[in-house]
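Working notes for the structure below.
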There are 2 protein chains.
Amino acid sequence: MPEMIGYIAATLTTASFLPQAILTIKTKDTESLSLSMYSLFTLGVFCWLVYGVCILDKAIIFANAITLVLAASILSFKIYNVLFKKG
Amino acid sequence: MPEMIGYIAATLTTASFLPQAILTIKTKDTESLSLSMYSLFTLGVFCWLVYGVCILDKAIIFANAITLVLAASILSFKIYNVLFKKG
């Protein structure tokens, strides 16, 4: 039972970044997104991935590899807008 | 060593929501935030908290209790804006 809740939790927190990535790619608007948040979060997810590789946990590797791609995409749009556009 | 990376990862992904919550509370602007993302994410973090309570893991409980407060605050602003303002 706890394992089941853990899997549901991991699926939800990983999948949640998909609609944000889609919205950001579609609108290219990142004004209300925090640069600090996505910088820290992307770095954190990268650390989770390294942790997963260290302890050879496939679920941690898989979930964080997906989240890393999504978070890094959102961060790229934010950095581009900060550098070349307003916010 | 892997434990250290795990702690760094947990600290980064938890702490990352603080600058987003501060930005959202300060500007009240949520236009580029995805409602689906914050709904799924807040629910997911709640599941992580329940999971932590089930397996009696203090680190999981602590990290997700903080993230839940931050994510729920951001979600509340988004829902308010969707209901009463534009986006």
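The values are calculated or read from the model by the stated rules, or taken from the named source; none is laboratory data. Quick caveat: nothing in here was measured; it's all calculated off a predicted structure. Glycine gets a Cβ as well: all are built from the backbone with ideal geometry, and neighbour counts include every protein chain shown. Accessible surface areas use protein heavy atoms only, side chains included; no ligands, DNA or RNA. Shrake-Rupley method; radii C 1.70, N 1.55, O 1.52, S 1.80 Å.
Give me the accessible area per residue for chain A, probe 1.4 Å, as a whole number in Å². Before the final figure, lay out the partial values.
Working: 4710 Å² over 87 residues.
Each residue of chain A exposes 54 Å² on average to a 1.4 Å probe.
Rolling a 1.4 Å probe over the protein heavy atoms leaves A:Y51 with an accessible area of roughly 50 Å². For the range B:2-84, the calculated P(r) over all alpha carbon pairs, in 5 Å bins from 0 to the bin holding the longest distance, is 3, 15, 23, 22, 17, 10, 6, 3, 0, 0 percent.
Carbon-plus-sulfur accessible fraction, chain B (probe radius 1.4 Å, protein heavy atoms only): 75%.
Using a 10 Å cut-off on Cβ to Cβ distances, tally the other chain neighbours for every residue of A:50-61 and report the average as a whole number. Mind dumping the intermediate values first?
Values: counts 5, 10, 4, 2, 6, 4, 1, 1, 0, 0, 2, 0.
Shielding by partners across A:50-61 averages 3.
Restricting to lysine pairs 8 or more places apart or on different chains, what number in chain B have Cα atoms under 22 Å apart? Don't skip to the answer; put the middle values down first.
Working: B:K26/B:K78; B:K26/B:K85; B:K26/B:K86; B:K28/B:K78; B:K28/B:K85; B:K28/B:K86; B:K78/B:K86.
Pairs that pass both the separation and distance tests number 7.
Which order do you get for A:L83, A:L75, B:L40 if you rank them by accessible area with a 1.4 Å probe, largest at the top? Please report the intermediate quantities before stating the final value.
Working: A:L83 120, A:L75 25, B:L40 60 Å².
Final ranking, largest accessible area leading: A:L83, B:L40, A:L75.
Computed from phi, the 3J(HN,Hα) profile of the range A:41-52 under the Karplus parametrisation 6.51, -1.76, 1.60 (θ = phi - 60°) reads 5, 4, 4, x, 5, 4, 5, 4, 5, 4, 4, x Hz, with x in place of Gly and Pro.
Other chains near B:70-82: what is the mean number of their Cβ atoms within 10 Å of each residue's Cβ? Don't skip to the end; give the middle numbers.
Numbers: counts 1, 2, 0, 0, 3, 0, 0, 1, 1, 0, 0, 1, 0.
For peptide B:70-82, the averaged partner shielding equals 1.
Heavy-atom accessible area for A:L43, with the other protein chains in place and a 1.4 Å probe, reaches approximately 90 Å². Computed about the Cα centre, the dipole magnitude for chain B is approximately 380 debye when only Lys and Arg (+1) and Asp and Glu (-1) carry charge, each at its Cβ.
Stretch B:E31-B:F84 to full length: gain in nm at 0.36 nm per residue minus the Cα-Cα span? Please report the intermediate quantities before stating the final value.
Details: separation 53, 0.36 × 53 = 19.08 nm, distance 1.28 nm.
The B:E31-B:F84 span can extend by a further 17.8 nm.
Buried surface between chains B and A: roughly 2800 Å² of accessible area, summed over both sides, computed with a 1.4 Å probe on protein heavy atoms only.
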